[in-house]
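> Okay, handing you the structure first.
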Amino acid sequence: MKKIPVLLILALIFGISTVAAAADNYSSTIKVFRDSPALAKFFKDSYGYAVFPTIGKAGYVIGGSYGVGQVYRGKKVTGKSTVIEGSIGLQLGAEAFSEIIFFQDKRAYAEFTNGNFEFGATAQAVAITAGAQARTGTAGQSAGASAGPKTGVQAKVDYVKGMATFVHTKGGLMYEFSVGGQKFTFEKL
């Protein structure tokens, strides 16, 4: 009986990722993130970044996510990456989101591209809403702030251990209070 929810979760994850990935392209996803004023400094100053146009996530007590992305050094594509996340806890639903990870320097880029890289359960991602009045918010230790041009307040978001992660929700509904981590692979082009 417990195998059915797990199989359903896996089918949802791969279904969301596959369908959405077919319609996505990297340049339009990068544009969504570039349109956020809160990310301007990261595009200007980072050594490189990894972008995942669509990560599908689903959960029912046990959850997971999957996505395919590209890694850039400057504006040049250097490789492909996949992300897999496993989680356990109170969760129900499915969602799709885009993710970008900025690398502050060569060391952070090398750490990510050396093969298998993992974000632990304490890693944080900042949620953005692209547009004229982009908003940023964080989970965990930092407080959220509005970063729209009319607010007069700028978000204070910085690198943690040489990396800064941002997500943009595309759709779905997920109730979640769980613990998990993301694991990334890298394949050089």
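Computed from the coordinates by the stated procedures, all read-outs in this text should not be read as laboratory data. Owing to the predicted nature of the structure, the values given are computational and were not obtained by experimental measurement. Virtual Cβ from ideal backbone geometry, glycine too; neighbours counted across all protein chains shown.
> Return the aspartates and glutamates within reach of Lys41: Cα separation strictly under 16 angstrom, same-chain partners fewer than 8 residues apart disregarded; answer none if there are no such residues.
Asp105, Asp158
> Let me ask you something else. Could you tell me the calculated FRET efficiency between Asn116 and Ile88, based on Cβ-Cβ distance and R0 = 30 angstrom, to the nearest 0.05?
Step by step, r from the Cβ atoms, then E = 0.90.
> Among Lys76/Lys170; Lys106/Lys161; Lys57/Lys106, which pairs are too far apart, with a Cα-Cα distance over 23 Å?
Flagged as over cut-off: Lys76/Lys170; Lys57/Lys106.
> Which of the aspartates and glutamates could a cross-linker bridge to Lys31, judged by Cα under 16 Å and excluding same-chain residues fewer than eight apart?
Those aspartates and glutamates meeting the cut-off are Glu99.
> Compute the length gained on full extension between Asp158 and Leu173: take 0.36 nm times their separation in residues and subtract their Cα-Cα distance, giving the result in nm to one decimal.
2.6 nm
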